[in-house]
Amino acid sequence: FLLNVGLNLVQEFGSKSRVNFLPAVSVEIPIALEYASLFGGVTGDVMKTNLRDLTLENPYLSKNITIINAVERMNVYGGVKGNAGSGFGYKVMAYFKTVENLPLFVNNPSSINRFDLVYDGESDIIGFEGDVSIKASDVFGITGKAQFANYKLATEKEAWFKPTLHLVSNARAQINKSFSLDAELAFTGQTNAKTMSSGPVPEEAIVTVKSFADFSAGAEYRFNNKIGLHIHANNIFNNAYQQYLYYPKLGLNVLGGFNFSF
């Protein structure tokens, strides 16, 4: 077996500087040589909050939002992983996390098409994750991932725009050295959004954002090592859905272009 015992020392700088002493313990025990191993651990870390990452996740932010780092005080996890030959791999795990200052998006009360950040004081998260990869041959491969998370919050009523369930599967086929196909199917469970009702005395309201599925596919043709042609279709089923409140996603859309490497 393999055992690592340590301490994660993280210094935060800024208007409120502090030093975080966080656990860093992990263990792995093989139970069936090459086929299955038990693993687990207790870890912690500072998850830096910055504008670049926030806008990649949600590009509709308000101005002058408050930036506070989230701190994963404790992450207790465990599971099993392994391979069944060279063509099949898997990993299943469960975890319990305690996160300080979990960042959440909420619609701005005065400009509902913009989003502010609120931070939950201390959040407990129980979750499960599963990954599987199948390589049927040198031509075809498929991967899948399932995530489930349940949030218990200290100050906020809901984990705004955080889905309980998320599923994604990718497939890729290398027809020959020049031509390849790929596809992805993703499902995101329903989430909740916080809004403020209009009126002399604004009141907090919760709006449900429905679950949605999105199927996309693409193809690439390489003329040589430097020049290629690609095309990609998104939301092939033309579903009407929104990830963030008041921002519906595009319907069926197709993108294409050339690749050039030098």
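Report the extension gain between residue 223 and residue 205 in nm, rounded to one decimal, defined as 0.36 nm multiplied by the number of residues separating them, less their alpha carbon distance.
Values: separation 18, 0.36 × 18 = 6.48 nm, distance 5.54 nm.
Difference between extended and current length: 0.9 nm.
Let me check against my output: what whole-number percent is the relative contact order of the range 91-154, with C-alpha pairs under 8 Å and at least 6 apart?
Working: 121 pairs, mean separation 21.5, N = 64.
Relative contact order comes out at 34 percent.
Return a whole-number percent for the relative contact order of the chain, with Cα pairs under 8 Å and 6 or more residues apart as the contact set. Don't skip to the end; give the middle numbers.
Numbers: 654 pairs, mean separation 26.1, N = 262.
So the answer I get is 10 percent.
In terms of modelled amide H atoms, which long-range or inter-chain residues lie less than 5 Å from the amide H of residue 209?
Amide H neighbours of residue 209: 191, 192, 193.
Restricting attention to the range 1-58, which GluC sites (Glu not before Pro) occupy a DSSP loop and are surrounded by at most 15 other Cβ atoms within 10 Å?
On the way: sites: 12, 28, 34, 57; in loops: 34.
Here the sparse-neighbourhood loop sites are 34.
What percent does the relative contact order of the range 178-230 come to when contacts are Cα pairs within less than 8 Å and at least six residues apart?
Numbers: 86 pairs, mean separation 22.8, N = 53.
Relative contact order comes out at 43 percent.
For the range 180-262, which trypsin sites (Lys or Arg not before Pro) pass both filters: DSSP loop (anything but H, G, I, E, B) and at most 10 other C-beta atoms within 10 Å? Present the calculation step by step, with values, prior to reporting the outcome.
Details: sites: 194, 210, 222, 226, 249; in loops: 210, 226, 249.
Those that pass, being in a loop and sparsely packed, are 226.
So if each residue of separation counts as 0.36 nm, and I subtract the Cα-Cα distance between residue 126 and residue 138, what length gain in nm does that give?
Numbers: separation 12, 0.36 × 12 = 4.32 nm, distance 3.76 nm.
That works out to 0.6 nm of additional length.
Classify the range 42-143 from the C-alpha gyration tensor, please: rounded if a/c falls under 1.5, else prolate or oblate depending on whether a/b exceeds b/c. All intermediate terms of the calculation are to be shown ahead of the outcome.
Values: a/c = 3.37, a/b = 1.76, b/c = 1.91.
It is oblate, given that a/c is not under 1.5 and a/b is not larger than b/c.
Within a Cβ distance under 15 Å of residue 41, other residues only, what is the Lys/Arg minus Asp/Glu net charge? Present the calculation step by step, with values, prior to reporting the outcome.
On the way: positive: 73, 81, 91, 97; negative: 28, 45, 72, 129.
For residues surrounding residue 41, the net value is 0.
Name the long-range amide H neighbours of residue 108: under 5 Å, sequence gap of 5 or more, or other chain; modelled H, no Pro or chain starts.
114, 115, 116
Rounded, prolate or oblate for the range 187-262? Axes are the square roots of the Cα gyration tensor eigenvalues, ordered a ≥ b ≥ c, and the cut-off for rounded is a/c under 1.5.
It is prolate, given that a/c is not under 1.5 and a/b is the larger ratio.
Once Lys and Arg get +1 and Asp and Glu get -1 on their Cβ, which of 143, 228, 185 lies farthest toward the positive end of the dipole of the range 117-262?
Going by the charge dipole, the pick is 228.
Show me, for the range 245-262, the HN-Hα J-couplings you get by feeding each phi into the Karplus relation (A = 6.51, B = -1.76, C = 1.60, θ = phi - 60°), rounded to Hz, glycine and proline as x.
My calculation for the range 245-262 gives 4, 6, 10, x, 6, 4, x, 4, 9, 10, 10, x, x, 10, 10, 9, 10, 8 Hz in order.
Suppose R0 equals 30 Å; then what is the FRET efficiency for residue 262 and residue 175 from their Cβ-Cβ distance, rounded to the nearest 0.05? The partial results should precede the final answer.
On the way: r = 26 Å, r/R0 = 0.85.
After rounding to 0.05, the efficiency reads 0.70.
At 7 Å along the Cα-to-beta-carbon direction for both residue 145 and residue 197, put a label point, then send me their distance in nm to one decimal.
4.0 nm
For log10 I(q)/I(0) by the Debye sum over Cα atoms at q = 0.09, 0.11, 0.17 Å⁻¹, one of (i) -0.50, -0.75, -1.59; (ii) -0.59, -0.87, -1.35; (iii) -0.36, -0.56, -1.46 was computed from the structure I shared and the rest are decoys. Which label?
Label (ii) holds the value from this structure.
With a cut-off of 20 Å, note down the residues of the range 177-200 whose backbone N falls inside the zone around a label point 7 Å from the Cα of residue 215 toward its beta carbon.
Correct set: 181-190.
For the chain, give the percent of accessible area contributed by carbon and sulfur heavy atoms, probe 1.4 Å, rounded to a whole number.
Details: 9460 of 16040 Å².
The computed percentage sits at 59.
The values are calculated or read from the model by the stated rules, or taken from the named source; none is laboratory data. The structure displayed is predicted, hence computed values, not measured ones. We place every Cβ from the backbone using ideal geometry, glycine too, and count neighbours over all the protein chains shown. Only protein heavy atoms, including side chains, enter the accessible area calculation; ligands, DNA and RNA are left aside. Shrake-Rupley method; radii C 1.70, N 1.55, O 1.52, S 1.80 Å.
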